[in-house]
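> Below: one structure in structure tokens.
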């Protein structure tokens, strides 16, 4: 195999493939004019400071066009997607050493090529189009190979998406050309340390704004930066974009900016996706420098995430799936029929006022472990109080409601399902997000159609929602749209029972006490020992047990334990400890969750040598230990200096601790998952 | 399970339920009626209701999801009381197909538009037609031009609205939930126009 970066060893294949490529391009581009126009619109007259999605390449493209009259038109056609990805990668490249560590060898190669092409664009790109094609085809080889495992198109580095993808659609074509293509995946001798210069500078560009944003403090609900569009440099600097568009390219939702102004950008995304779709394939992932573009196709809807947050692509994909679930929760799958009737159907009006719900879900992706753990969390409560709450809900559920949920914020107090029905943790997450992010539910009792995508994505259920106090919310779900008054009576009775049995007071106590603190772990060397203490009598101990560690930032629990998440496999529930020093800033907390996400992905996915049973990782921020058995998953963060043996020892103690408190921190028995 | 998303089919035999005792009268002096608010999103339906029920005005816009249920009792001069059970529906397009769920069996309907938005006036006319077709017979309808405090940016004249209301047998009033102008008058007027309880039930 040729070593990457060795110009001389480039295969001959691509030379020959240029002609056929053009042929294919002609055939498969259903609407070149539109894409070309798009390209013009998007990139033709941009003169502002080059933001990350803007192609540095456009000058090159136009130069190519001038030089080679015959291919000029076609080159432009490709430009829509082409310039897009390339520009991005060049602007915010930063293919870091970390990437090198974790990626497959062929991706490394691409990284190296990237450098190569980056340098070329620096010096001014005067070569003919043929030369570029050659190089790109090379990468096609690399990516086509990478994608065979999961049929994901890993368009690496400098990859021009259109051309890159062009080779992919039919696996046969890339296999057929193996002799040539294979050259792309050389040995992994490519040392990524050679990637330097431009990239480092570009990295600062994005990181700077990112961290500033993170520190900004409490979140303002709803959509932000609505005034922006893709011509604003600030818009391009956001680290994580989410888009929803129709397969006709109509924008439906964008996390940042005004969807109407982003019509052109949406059309570009659509062009990329439909181009691949036209050849019977699906684009899953484009990797461009430190940006990942993850695509998800769900019926007539395209969901896209463009992220430079270094989250694993599986995690981003999961987030897109949740985002789609949230759409379904609001509209049911029946909305897809509208697209059948009219492919140009504009879905935006149907989502009127729901930006806040989608934005809040996206916010939860960074702050709510439930989004990647596929589990929900409970408000810690004395066993008796939770039993009383479950009892009250059970009575009502027997009389008609499908599900009764009592929640406090995003934590479950009690959850009861009627027989033979179960509530998927994601449904619960989406429902809870929908309700907590819509302020109107707090104003008065409401009766709203909702659809639980995992339960039945085709039909609405009706949710009776009433806040019993500031945080505590009762949700009764029924299939009968005429059930309001019945549920209203149920609510009145439940409320009486909850007040009589002091459940609401216990809930308030629990909120005041806060969640689990690692300092309270029995046998903690830091705080006064309180072995055998239970949560019930912990309230009184709190003062004593927390004073010492909180005065010493970074001390944490035993053996340098800083934080943990314990997920019970059978209950589909998790419990996370409260943030304690050093996780005092929002950015530190976010980093921790991101690290957990990564760890979770590596524990569950085959990629990177997984799935694993146990992992011990050290990075510059912390030591992370994860442990997965058939009963539970544990994710724990330690001081970077923590020793492996003592960390494992502490993990055992955490598990024991949680088991001792199981009845208080989890909802046992009553969970619908046990039916 | 559930009802289809597009059109919640009226369930025969379950016409009680959400519309149960909608127009039930305790006696001729104490009436309980179901009232529904309809109109485009953002015209201020919830603000009118919250002003009427709680005397509050919250300028921060909270988008109603589905429908909110509130009730308020008023006493009229002739010493009768009327308890309004109010369905404050969401104005968003996606809920339009669910509106029958809320207006079925309603004795009164308040169709709201925003005097600064001709579109919302168009939308109001849509709701009026819908109610004429599918609403309860004899339903008392009010056409309400809200945000009267923004008269300097008025786009819909009172004359046009008045004329439309008259030609459709509705009464017309302009309100401001912000300044509380005419809000109570609106509900009092509806109460007055309600058909009084069945004479046979008189004690």
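> Over segment A:376-513, what relative contact order in percent results from Cα pairs under 8 Å that are six or more residues apart?
On the way: 219 pairs, mean separation 38.2, N = 138.
Normalised by residue count, the contact order of segment A:376-513 is 28 percent.
> Per-residue mean of other chain beta-carbon atoms within 10 angstrom of the beta-carbon, peptide A:446-454? Could the numbers behind the result be given before it?
Values: counts 8, 10, 8, 13, 3, 2, 1, 0, 0.
Shielding by partners across A:446-454 averages 5.
> Modelling each spin label as a point 7 Å along the Cα-to-Cβ direction, I'd like the residue B:134/residue A:399 distance in nm, to one decimal.
Distance between label points: 3.1 nm.
> Using a ≥ b ≥ c from the Cα gyration tensor of segment A:301-399 (square roots of the eigenvalues), is it rounded, prolate or oblate, where a/c under 1.5 gives rounded and otherwise the larger of a/b and b/c decides, a/b for prolate?
Values: a/c = 2.99, a/b = 1.48, b/c = 2.01.
Oblate shape, in that a/c is at least 1.5 and b/c is the bigger or equal ratio.
> Throw me the Rg/Rh for segment B:93-160, computed over C-alpha atoms with Kirkwood Rh, two decimals. If you can, show how the numbers build up before the last one.
Values: Rg = 13.0 Å, Rh = 12.8 Å.
Taking Rg over the Kirkwood Rh, I get 1.01.
> Residues of A:331-338, mean number of Cβ from any other protein chain within 10 Å of their own Cβ, rounded to a whole number? Each step should come with its number before you reach the end.
On the way: counts 2, 5, 1, 4, 3, 0, 2, 1.
Per residue, the number of nearby Cβ atoms from other chains is 2 on average.
> Quick check on packing: order B:154-163, A:310-319 by the mean number of other C-beta atoms within 10 Å, highest mean leading. Could the numbers behind the result be given before it?
On the way: B:154-163: 14.8, A:310-319: 21.7.
Going by the mean number of other Cβ atoms within 10 Å, highest first, we get A:310-319, B:154-163.
> May I pose another question? From the convex hull of the Cα coordinates of segment A:378-483, what is the mean projected area in square nanometres?
That works out to 6.4 nm².
> Let me have the relative contact order for segment A:437-491, percent, based on Cα pairs under 8 Å that are six or more residues apart.
About 28 percent, as a whole number.
> Another question about this same structure. Ratio of Rg to Rh for segment A:350-403, alpha carbon only, Kirkwood? Can you show the working numbers first?
Details: Rg = 16.4 Å, Rh = 14.3 Å.
Over the Cα atoms of segment A:350-403, Rg/Rh equals 1.14.
> Something else about it: At 37 °C and a viscosity of 0.692 mPa s, what translational diffusion coefficient does Stokes-Einstein give for segment A:382-434, taking Rh as the Kirkwood radius over Cα pairs? Give it in µm²/s as a whole number. All intermediate terms of the calculation are to be shown ahead of the outcome.
Working: Rh = 11.5 Å.
So the translational diffusion coefficient is about 285 µm²/s.
> Viscosity 0.692 mPa s, temperature 37 °C: Stokes-Einstein D of segment B:82-203 from its Kirkwood Cα radius, in µm² per second?
Values: Rh = 15.2 Å.
Rounded to a whole number, D works out at 215 µm²/s.
> Other chains near A:342-355: what is the mean number of their Cβ atoms within 10 Å of each residue's Cβ? It would help to have the intermediate numbers written out before the result.
Details: counts 0, 0, 0, 0, 0, 1, 1, 4, 5, 3, 10, 11, 4, 1.
Going residue by residue through A:342-355 and averaging, the value is 3.
> For Cα pairs less than 8 Å apart in space and 6+ apart in sequence, what is the mean separation divided by the residue count of segment A:257-333, i.e. the relative contact order in percent?
Working: 60 pairs, mean separation 13.8, N = 77.
Reported relative contact order: 18 percent.
> Return one quarter of the surface area of the convex hull spanned by the alpha-carbon atoms of segment A:243-373, equal to its mean projected area, in nm².
Values: hull surface 31.9 nm².
Mean shadow area of the hull around the Cα atoms is 8.0 nm².
Computed from the coordinates by the stated procedures, all read-outs in this text should not be read as laboratory data. Treat the numbers as computed from the prediction; the structure is a model and nothing was measured. So basically every Cβ, Gly included, is an ideal-geometry build from the backbone, and we count neighbours across all protein chains shown.
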